[in-house]
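Input: a single structure, listed below in structure tokens.
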Amino acid sequence: MLMRGGKHLPMHQRPFTLVKIRLYDHMGKALFQKPLWLIVMGDRRMELSLLDIYQAYLQRYDLAHFFRFGKQKLLLDKFQTPDKEHEEHWWRLVALAYLQLWVAKDAVSHLPRPWEQSLPSIINTHSTSAMGLRDMSRIIRQIGTPASAPKRRGNSPGRLKGWNLTPRKRQPVRKKGSTQVF
């Protein structure tokens, strides 16, 4: 029997476990009208308990928020290079920057934008990564830096005359709907 998938991803070769999750309150009454259905895939899927599966499902929001914040504020998707190693280094730098914002969340002072000043004080008590980003310059000034101040060295002479950069390796053009495998 051929199941839905594709030429390169036949689903009948990808075993999975279907999990039905229902949450109940302390009285034994269902919290939600419909159950939550999850699919667990992978070779080690049988090692996971139902609680592990449900907690991993809940963590997807944290991942989605990280990628959204990383793309919007930390330029996660702006670095362009043909070298995979450089791109991996860039992802690590962005993850470290996000980690610093998370660690500094308790030291953040609320700096409301002009349109945020009329919000209730309850909203202002919760510090977010964006608030940490706004206040990070103050935190760095308080902590200090081991780096010395930059020194003016004059104007750069630029490239030597006659110096030619080696051109990038040409890649084949990929067209939408192409059946070629790269």
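Most mobile of Leu18, Leu93, Leu75 per a Gaussian network model of the chain (Cα springs, under 10 Å)? Checking each option, the largest mean-square fluctuation is seen for Leu18.
Normalised by the number of residues in the chain, the average gap of Cα pairs under 8 Å and 6 or more apart makes the relative contact order 10 percent.
Of all lysines in the structure, those lying under 22 Å Cα to Cα from Lys71, and not within fewer than 8 positions of it along the same chain, are Lys84, Lys105. For the options Lys78, Lys151, Lys105, a Gaussian network treatment of the chain with springs between C-alpha atoms closer than 10 Å singles out Lys151 as fluctuating the most.
Each Lys and Arg contributes +1 and each Asp and Glu -1, all at the Cβ; summed about the Cα centre of the chain, the dipole is approximately 1100 debye.
Given the pairs Lys7/Lys34; Lys78/Lys175; Lys7/Lys78, which span a C-alpha to C-alpha distance of over 27 angstrom in this model? With Cα atoms farther than 27 Å apart: Lys7/Lys34; Lys7/Lys78. Computed from the C-beta positions of His8 and Leu51, the FRET efficiency with R₀ = 35 Å rounds to 0.55. At a probe radius of 1.4 Å, what is the per-residue accessible area of Phe67, in Å² to the nearest 10? The value for Phe67 is about 80 Å². Given a 1.4 Å probe and the protein chains as shown, His126 ends up with an accessible area of around 120 Å². Connecting C-alpha atoms closer than 10 Å in a GNM of the chain, tell me which of Arg141, Arg92, Arg153 has the biggest fluctuation. For the chain, modelled as a Gaussian network with Cα springs under 10 Å, the answer is Arg153. Between Lys151 and Thr81, the distance separating the two model label sites (each 7 Å from Cα on the Cα→Cβ line) works out to 2.8 nm.
The values are calculated or read from the model by the stated rules, or taken from the named source; none is laboratory data. Treat the numbers as computed from the prediction; the structure is a model and nothing was measured. Note that each Cβ is placed from the backbone with ideal geometry, even for glycine, and that neighbours are counted across all protein chains shown. The protein model used for the area step is the full one, side chains on, heavy atoms only, and it has no ligands, DNA or RNA in it. Shrake-Rupley method; radii C 1.70, N 1.55, O 1.52, S 1.80 Å.
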